């Protein structure tokens, strides 16, 4: 009743408790971090496979992370004092950020450029020289990213194209310079317009085995938007993941009307 007539969030939390074994060991901060690095990535992948939304992922990752922390009788800091729960949560969040950052290495070079540029500039203009340095570090050029249809480059300035500037007639199988960035942005564009509709489902189906990479990129971009305080963009990526299960089911039965051949992905 307290939330009636006001903005409020509803959370459902399930706690699974286990009695700590008398034989539970004492470990160090360094060993705790190593255990997180070893065990948390697979737990996060399972959460992603269950379509836990990006907005809920930090809370969801607490479970497996604290599962590691609580198996020990104590985790000792460098001064031999017991680690606090707050400190453990900070380390779990850091490992989640590192995992999402590590996903970026799986994408094509043009998409990795776009991620870095978006992280630094959002959808605003930036200097060509900075863009050229980012591109060169990824073994490509600004012209390559421009050719891919991701950025606009003119008068010494570079900016990422907004979704409403993308070609509405774009077809992934007809694109000779296809990138994960394009796939994700076009899917978000259609989802914003049609929700879990035929056009959105067909587009997802055309991505084939690369669909999971598109979903992974949506997680990465949501995380960046959250850090930038860009709530509008964050909401778009979160909404796509929230509908992913239903969208996948629709894609499985959606007929393809204009498939021209195998898609090409440049790496």
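Any read-out appearing in this document is the output of simple, stated calculations on the displayed coordinates, not a laboratory observation. Note that this is a predicted model, so its numbers are computed, not measured. Positions of Cβ are generated from backbone atoms using ideal geometry, with glycine treated the same way; all protein chains shown enter the neighbour counts.
Averaged over residues, the count of other Cβ atoms within 10 Å places the peptides 240-250, 153-163 in the sequence 240-250, 153-163, highest first.
If I fit a long axis through the Cα atoms of helix 109-121 and take the longest principal axis of the Cα atoms of the chain, what angle between them do I get, 0 to 90°, rounded to 10? Computed tilt is about 70 degrees. Going by Cα centres, the stretch 214-245 and the stretch 49-78 are how many Å apart? Cα centroid to Cα centroid, the span is 21 Å.
A straight chain from residue 104 to residue 23 at 0.36 nm per residue would run longer than the Cα-Cα distance by 25.1 nm. Compared with the dominant principal axis of the Cα atoms in the chain, helix 128-137 is inclined by about 70°. Computed across the chain, the Kirkwood hydrodynamic radius from all distinct Cα-Cα pairs reaches 20.7 Å. Just checking the listed ones, 78, 70, 23: in the Gaussian network model of the chain with Cα springs under 10 Å, the one fluctuating most is 23. Helix 180-194 and the long axis of the chain differ in direction by around 90°, with both axes built from C-alpha atoms.
Note on the chain: antiparallel DSSP beta bridges, both residues inside, total approximately 70 percent of the bridges counted.
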